[in-house]
Amino acid sequence: MGQPFDLDRHLAALMQAAQSGETRAYAQLLHEISPRLRQLMRRQRPSVDAADIEDLVQDVLLSLHTVRATYDPQRPFMPWLLAIARNRLADGARRYARHAAREVLVDELPVTFQDESANIDNEVFGDPGALRRAIAALPRAQRKAVEMLKLRELSLKEASTQSGMSVGALKVSMHRAIASLRRVLKDGRQ
């Protein structure tokens with residue numbers, strides 16, 4: 001039982017030194033936790049290929065870097081790191097589900113249709129330029145919320161960390177931005 005405790009104390013000491021600005025300690029910490037994160041990701045996502053595992057590990061390391069100031073050296077290091085890893089796995093699963101829901105199996109669709117009118121794109125989706133201009137005209141907080149949450153598809157937590165806005169402020173800004181965009185784009189169609 002002493003070994004996991006010793007490892008945790010060792011990693012906690014490296015993290016504390018990294019928080020104090022010691023770059024060698026930070027590099028050593030990242031070097032020591034990376035293989036453990038890879039192993040964890042392989043156990044949690046056995047069907048995921050090596051490149052995607054590496055992406056997940058890098059996401060965890062980036063998150064660790066972003067929130068490193070929140071680590072309390074008086075507390076165990078591994079549970080803190082594992083919480084970050086769990087959150088990144090959940091974010092990755094949500095992102096995958098969002099993308100998978102929009103995928104179309106092209107192999108099952110015919111390349112052309114017999115009826116010539118079926119090959120003409122008559123459907124109008126709106127003016128992308130008008131949407132870009134409408135987003136650009138939004139107040140800064142609303143524009144930032146749209147860019148991070150809708151265009152870059154960040155989670156609320158990720159957007160909050162990157163923007164410095166609270167999750168609640170992001171939600172309010174997003175709600176107001178959508179209402180404003182609907183008004184502007186609706187008025188532009190009439």
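The values are calculated or read from the model by the stated rules, or taken from the named source; none is laboratory data. Bear in mind that the values here come from a model prediction, so they are computed numbers and not experimental data. Cβ: placed from backbone, ideal geometry, glycine included. Neighbour counts: every protein chain shown.
Among the residues of the stretch 161-190, those identified as among the polar types (S, T, N, Q), assigned to a helix (DSSP H, G or I) and more than 11 Å from the chain's Cα centre (by Cα) are S163, S173, S180.
Flag: K171 does not match the condition of being crowded, with 17+ Cβ neighbours inside 10 Å, among the basic types (K, R) and under 26 Å from A93 (Cα atoms).
Of the residues examined, A25 is one that is surrounded by 13 or more Cβ atoms within 10 Å (Cβ to Cβ) and outside the structural domain of T161 (by TED's automatic domain parsing). Here V48 passes the criteria (1) under 19 Å from the mean Cα position of the chain (by Cα); (2) outside any helix (DSSP H, G or I); (3) modelled with pLDDT of 85 or more except the one numbered (3). Would you call D121 part of a loop (DSSP other than H, G, I, E, B) and modelled with pLDDT under 90? Yes, satisfied.
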